[in-house]
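Visitor: Handing you this structure, nothing more for now.
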């Protein structure tokens, strides 16, 4: 009888026909939930293998995520598609048959293969196309030679707008969580210790305001929820933006993704000492984001008038993530790590304090 595969990586290589490929583990970032491997063959074929075994997400969660991504790709959205296994599945459920510590390391890498799942623990595995281009970070935040930076801002907004436009017509078979499934005070009240009472009260106030926001087919749907320059590549030959990592996608206001882009734009002007120049810079940046976005789908002035509230929504997401990451590691959150964000929420300082003297 044929021997059973003893680790997740062995099983994945067979199911996704990756034998012969070079697999290189990607170093995880703080709070990262998955094991990621770049799979290459002959320097041309390139894929991204993801192994997820955090225990706090179900197979339904992964099926819903990959269903959405595959739908977007088929409709022509600028996203890295999901590649089915040879069994035709977008998600493969696997079980490690021995402890990860005894598994062999990936050739050319120090990481332990299949470390995400200990013996008997289910892992959910998916293969993705490699998004054409590169991270702006890996290019020193230099845009493509000869093209204005405004093109980059416009194309970023356009890519997000295309994703939202297609999301508005998406009818899923599997359903991702709704924003309030997680961002409610029953959960947050238990997650954040009572020593942060002022912060918890401020978050409760914002969540009350969020519940009063209208939800329509035009302003509420399945969003990326982490759309930023760490989760898309830029093709430096033509400026195209291709998004990936929909791991956190959920039902929320489309404005969340726009507000998230706003908060990640402050890096372009954070060293400007003059507050008026910072404000002018952000207005300039966001105007091109919106121009690109509106070339694909609409966003009303009424929604944009609530930008500061949606920015608070992104701040709360960041704070909750800090506490969740600490809980997974069995650690306490260092108050200094959330001090600025907490102050903005508690004292009602808009725009994350970016325009404060």
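The values are calculated or read from the model by the stated rules, or taken from the named source; none is laboratory data. Keep in mind the model is a prediction, meaning the values are calculated, not measured. For neighbour counting, all protein chains shown are included, and Cβ atoms are generated from backbone atoms with ideal geometry for every residue, glycine included.
Visitor: Count, please, the residues in the stretch 318-334 that happen to be touching a helix residue (DSSP H, G or I) at 6+ places or on another chain (Cβ under 8 Å) and assigned to a helix (DSSP H, G or I).
Guide: Adding up the residues that qualify gives 7.
Visitor: Looking at this structure, is residue 288 touching a residue at least 60 places away in the same chain (Cβ under 8 Å), over 27 Å from residue 180 (Cβ atoms) and assigned to a helix (DSSP H, G or I)?
Guide: Judged against the criteria, residue 288 is a match.
Visitor: Given the structure, is residue 225 surrounded by 14 or more Cβ atoms within 10 Å (Cβ to Cβ), at positive phi and touching a strand residue (DSSP E or B) at 6+ places or on another chain (Cβ under 8 Å)?
Guide: Yes: the conditions hold for residue 225.
Visitor: Then there is this: Which of the residues belonging to the stretch 336-357 are in a helix (DSSP H, G or I) and touching a residue at least 24 places away in the same chain (Cβ under 8 Å)?
Guide: 341, 342, 344, 345, 346, 350, 351, 352
Visitor: One residue is enough: does the stretch 292-307 have a residue meeting the conditions more than 29 Å from residue 214 (Cβ to Cβ), part of a loop (DSSP other than H, G, I, E, B) and either at pLDDT 95 or above or not assigned by TED's automatic domain parsing to the domain that holds residue 178 (or both)?
Guide: Checking the stretch 292-307: not a single residue is more than 29 Å from residue 214 (Cβ to Cβ), part of a loop (DSSP other than H, G, I, E, B) and either at pLDDT 95 or above or not assigned by TED's automatic domain parsing to the domain that holds residue 178 (or both).
Visitor: Quick one: in the stretch 116-156, of everything that is out of contact with any strand residue (DSSP E or B) (no Cβ under 9 Å at 6 or more places or on another chain) and buried (at least 20 other Cβ atoms within 10 Å of the Cβ), which residue is nearest to residue 291 (Cα to Cα)?
Guide: Going through the qualifying residues, I end up with 154.
Visitor: With a cut-off of at least 3 residues that are at pLDDT below 95 and over 19 Å from residue 123 (Cα atoms), name the strands (runs of 3 or more DSSP E) lying wholly within the stretch 1-64.
Guide: Ranges flagged: none.
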